[in-house]
């Protein structure tokens, strides 16, 4: 049955109000100004909400993130929950993991006054730009990316989201006209896709996106405590393989005491022939903020068992304040949600005008 005109107007008003409320979009009045990155460039990086980070995340990425927010005038760090659902997620656990990650980033030293910290899925421009860029990407280009090759083999066949997530990753970067991207060596090819897409879009629709440059971390990769040939990972089935940044001192001591090493008593740094003890040297040097040579020097006269105690002390000393701060932040869920909401507002102020320009150039408006 057709609605009378007056009822139609009321119905339309309720619909618009529902889907443009601050709760849904937070920043409906984002500035229309197309803000260019400041002279020193703009840094963007993202991390999946897998809960509390582990030691490898901290040394490989987060410690560098803290430094970058003091070096660049514009920095954005995103909790990339859209990326996380390429694997099945429990919705309740995902909500908890997002806040745990926010608490962890803040406790590690991310300053929301210096860096924009936000939840990716709350900025809908990411998904829309991803679709547009996907229409500029070929399937053979995606098939050659290492992440798809590795994960699709593990799963026999991966989801469409897993296949196309490098395009979303490119959209994350280009949406903010990012100029510098901190990446590990295993992500360089994905950054090259973002560079390619910037060139393709600029060639077809006129110059808009800068080509982002990689910021390779100088931190050595932290290996699994149980299999030093593999990197430390939360997905490792062995519970003793990974140190999380909220582990208790007793847990840290126990895990490091059980770390795989060879039978040679002297501590040396030789990743090729002695990967286990070399991994401990890497951890010790990074956590004590000393060179590998200094770490080996401090180990002189100690056997590997005694050296493990020294490594444990260095890890505990660095992680204890972080663990305490995470617990404090976790106790105030509303505060964490408020900080992410503020970050989302600031991110949308940058994202909305860029996407508006993209839409205009493509012909949508």
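In segment 114-126, is there at least one residue being over 17 Å from the mean Cα position of the chain (by Cα), assigned to a helix (DSSP H, G or I) and in the same structural domain as residue 183 (by TED's automatic domain parsing)?
Yes, the conditions are met somewhere in segment 114-126.
Enumerate the pairs (first residue in segment 330-346 and assigned by TED's automatic domain parsing to the domain that holds residue 96; second residue anywhere and surrounded by fewer than 18 Cβ atoms within 10 Å (Cβ to Cβ)) with beta-carbon separation below 9 Å, excluding pairs fewer than 6 apart on the same chain, so at least 6 apart or on different chains.
Sorted first by the residue in segment 330-346, then by its partner, the pairs are 341/22.
Determine, yes or no, whether residue 177 is within 23 Å of the chain's Cα centre (by Cα), within 28 Å of residue 102 (Cβ to Cβ), outside any helix (DSSP H, G or I) and at pLDDT 95 or above.
For residue 177, the condition - within 23 Å of the chain's Cα centre (by Cα), within 28 Å of residue 102 (Cβ to Cβ), outside any helix (DSSP H, G or I) and at pLDDT 95 or above - is met.
Against the definition (in contact with a helix residue (DSSP H, G or I) (Cβ under 7 Å, 6 or more places away or on another chain) and modelled with pLDDT under 95), how does residue 228 come out, yes or no?
Yes: the conditions hold for residue 228.
Take residue 349 and decide whether it is touching a residue at least 40 places away in the same chain (Cβ under 8 Å), farther than 28 Å from residue 52 by Cα and under 22 Å from the mean Cα position of the chain (by Cα).
In short, yes.
What about residue 143, is it exposed (fewer than 15 other Cβ atoms within 10 Å of the Cβ), modelled with pLDDT under 95 and assigned by TED's automatic domain parsing to the domain that holds residue 103?
yes
Can you report the number of residues in segment 88-105 which are in a loop (DSSP other than H, G, I, E, B) and in contact (Cβ under 8 Å) with a residue 40 or more places away in the chain?
Count: 0.
Does residue 243 fit the bill of being without any contact (Cβ under 8 Å) to a residue 60 or more places away in the chain and under 30 Å from residue 76 (Cα atoms)?
no
Kindly indicate whether any position in segment 63-75 is in contact with a helix residue (DSSP H, G or I) (Cβ under 8 Å, 6 or more places away or on another chain), on the phi < 0 side of the Ramachandran plot, surrounded by fewer than 22 Cβ atoms within 10 Å (Cβ to Cβ) and modelled with pLDDT under 95.
Yes, the conditions are met somewhere in segment 63-75.
Given the conditions (1) buried (at least 16 other Cβ atoms within 10 Å of the Cβ); (2) in the same structural domain as residue 74 (by TED's automatic domain parsing); (3) farther than 23 Å from residue 350 by Cα, and given that residue 193 satisfies all but one, which numbered condition is not satisfied?
That leaves (3) as the condition not met.
Taking residue 206 as meeting all but one of (1) touching a residue at least 24 places away in the same chain (Cβ under 8 Å); (2) within 26 Å of residue 84 (Cβ to Cβ); (3) assigned by TED's automatic domain parsing to the domain that holds residue 72, write down the number of the exception.
(2)
Kindly indicate whether residue 304 is farther than 30 Å from residue 37 by Cα and buried (at least 18 other Cβ atoms within 10 Å of the Cβ).
Yes; evaluated as a whole, the condition is true for this residue.
Yes or no: segment 271-287 includes at least one residue that is more than 21 Å from residue 121 (Cα to Cα), touching a residue at least 12 places away in the same chain (Cβ under 8 Å) and more than 30 Å from the chain's Cα centre (by Cα).
yes
The values are calculated or read from the model by the stated rules, or taken from the named source; none is laboratory data. Computed from a prediction, not measured in an experiment: that's the story for all the values here. FYI the Cβ positions are ideal-geometry reconstructions off the backbone, even for glycines, and counts take in every protein chain you see.
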